[in-house]
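For reference, the structure is listed below as structure tokens.
The values are calculated or read from the model by the stated rules, or taken from the named source; none is laboratory data. Since this is a predicted model, take the numbers as computed values, not measurements. Note: ideal-geometry Cβ built from the backbone for every residue, glycine included; neighbour counts use all protein chains shown. Surface accessibility is based on the protein's heavy atoms, side chains included, excluding ligands, DNA and RNA. Shrake-Rupley method; radii C 1.70, N 1.55, O 1.52, S 1.80 Å.
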Amino acid sequence: MADKIAFITGGNRGLGFQTALLLKDPGTKVVIGSRDRSQGEEAVKKLREAGVDADVLQFDITKPGDAQTAYDYFNSKYGKLDILINNAGIAAGTFPGTGPEHSAAEAPAELLHKVFETNFFAQVALTNTLLPLIRESPAGRIVNLSSILGSLTLHADPKSPIYHAKSFIYDASKTALNAYTVHLAYELRDTPIKVNSAHPGWVKTDMGGPQATMELSEGGKTSAALATLPADGPSGGYFHLGQPLPW
Ligand SMILES: NC(=O)c1ccc[n+]([C@@H]2O[C@H](COP(=O)([O-])OP(=O)(O)OC[C@H]3O[C@@H](n4cnc5c(N)ncnc54)[C@H](OP(=O)(O)O)[C@@H]3O)[C@@H](O)[C@H]2O)c1
């Protein structure tokens, strides 16, 4: 049996799939969450061909009951969870541009709720549901997929490269997720569990788009590194490729 059990939400494509490839290790079982079972099975086939010990769990982070289903799956099969990568996320058309969906002043309430449901509320609910299993791990690691767009310090600095990259709804959902990272890491400070926020880079995925500056092959590195931090690694931080980002 594998020593370490990892769960990556939204692992059927994009950064989640890429991160699963990087967790390849004979001692690590990588379970990818996929909303669509057949897409998940296809991804697992590719991961196994690449040498990853992979399985799929049909999982929608916004579906009532799916967090409990995930708990029951890991509890009954392994009795613990070592790595949780909260990767599933949506932009839902809120990236920088013109129109109310990009605006703070005109943010459509329904879109605000939808993006926060996936990128924040459901992430907290899943993590809190799985936390008793992560506490059973000798070295639990929680990675929250944030974004540099969640940095209030950089958004407030006219000299920062993202100053004009304002997409209020998406950005605020990642800022909220960063708050969860800081607060949860504080609460877990006397345990072996490490909780960190990751900015993967601007990566060529369906979400990042073809104009993104980073290749997909590079995009999983930050998540994989934070998922496999040594015992003396950081907790409660916000990182891109090993470099801290300002909150
Ligand atoms: N790409 C970038 O440049 C970039 C930069 C910074 C941060 N990020 C963050 O990195 C994470 C992954 O992004 P990506 O670029 O790989 O995005 P992506 O290519 O759009 O893939 C998103 C993944 O999340 C899954 N997902 C969406 N809603 C879900 C739900 N309700 N339940 C379960 N899974 C769900 C998708 O599943 P389906 O296939 O079923 O839709 C897919 O597997 C996101 O949190 C994103 O905000 C990305």
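Considering only the stretch 78-97, I want to know if a residue exists there that is free of Cβ contacts under 8 Å to residues at least 12 places away in the same chain, over 27 Å from residue 130 (Cα atoms) and open to solvent by less than 40 Å² (accessible area, probe 1.4 Å).
Within the stretch 78-97 (the criterion being free of Cβ contacts under 8 Å to residues at least 12 places away in the same chain, over 27 Å from residue 130 (Cα atoms) and open to solvent by less than 40 Å² (accessible area, probe 1.4 Å)), the answer is no, since none of the residues qualifies.
Just one of the numbered conditions (1) free of Cβ contacts under 8 Å to residues at least 60 places away in the same chain; (2) buried (at least 20 other Cβ atoms within 10 Å of the Cβ) is not true of residue 179; which one?
(2)
Restricting attention to the stretch 10-42, which residues are of a type in the set (A, V, I, L, M) and within 9 Å of the ligand (Cβ to nearest atom)?
Those that are of a type in the set (A, V, I, L, M) and within 9 Å of the ligand (Cβ to nearest atom): 15, 32.
Looking at the stretch 11-25, I want the residues that are at pLDDT 95 or above and open to solvent by 10 Å² or more (accessible area, probe 1.4 Å) and have a partner that is near the ligand (Cβ under 6 Å from one of its atoms) and aliphatic (A, V, I, L, M) with Cβ atoms under 9 Å, at least 6 apart or on another chain. Which pairs are those?
14/203; 14/207; 15/145; 15/203; 15/207; 18/203
Does at least one position in the stretch 63-70 carry a residue that is within 19 Å of residue 13 (Cβ to Cβ) and open to solvent by 30 Å² or more (accessible area, probe 1.4 Å)?
Within the stretch 63-70, one or more residues are within 19 Å of residue 13 (Cβ to Cβ) and open to solvent by 30 Å² or more (accessible area, probe 1.4 Å).
In the stretch 189-247, which residue that is of a type in the set (A, V, I, L, M), more than 9 Å from the ligand (Cβ to nearest atom) and over 14 Å from the mean Cα position of the chain (by Cα) is least open to solvent (accessible area, probe 1.4 Å)?
193
Determine which member of the set 120, 116 is in contact (Cβ under 8 Å) with a residue 60 or more places away in the chain, assigned to a helix (DSSP H, G or I), open to solvent by 30 Å² or more (accessible area, probe 1.4 Å) and within 12 Å of the ligand (Cβ to nearest atom).
120
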